[in-house]
Amino acid sequence: MKNKIVGFRDPVVERVVDKFIERSDAGFKKYGQTLHNERTQGVKGLFKYVNDVQEELMDAILYLQAVKEEIQDLSEEALIQESNDMIYNWPEEHDSDHALYRACPSSKADECE
């Protein structure tokens, strides 16, 4: 194994590089060889590499969809919570306004006055 000392000016880049190293170590532990050896020893051909990339990208799309749905759920939950907070924490000085709002919808406000 080759050791290298690298300085990082960007901690985000450093964390990504750390993840690459962790992933490489996990792959070596699982398969018992490096990607370089797999390629140079003909263990896997070009078609198999392309297929692997395709499968990984398909998985990535699924993960992105799950993230989008999770963000949507969190946004909806936050909006509901914000609405509940506004209703249940209505300042006392506005109680009469709040009662009027409930008794007279804004669409009929001119009829209620």
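One table, with the values for the structure above:
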| read-out | value |
| --- | --- |
| In segment 19-45, residue nearest to the chain's Cα centre (by Cα) [restricted to those that are polar (S, T, N, Q) and surrounded by 11 or more Cβ atoms within 10 Å (Cβ to Cβ)] | SER24 |
| Filter result (assigned to a helix (DSSP H, G or I) and of a type in the set (Val, Ile, Thr)) within segment 19-75 | ILE21, THR40, VAL50, VAL53, ILE61, VAL67, ILE71 |
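Where a number appears in this text, it was derived from the coordinates with a stated rule and is not lab data. It should be emphasised that the depicted structure is a prediction, and the values quoted were computed from it without experimental measurement. Here Cβ is always computed from backbone atoms with ideal geometry, including for glycine, and neighbour counts include all displayed protein chains.
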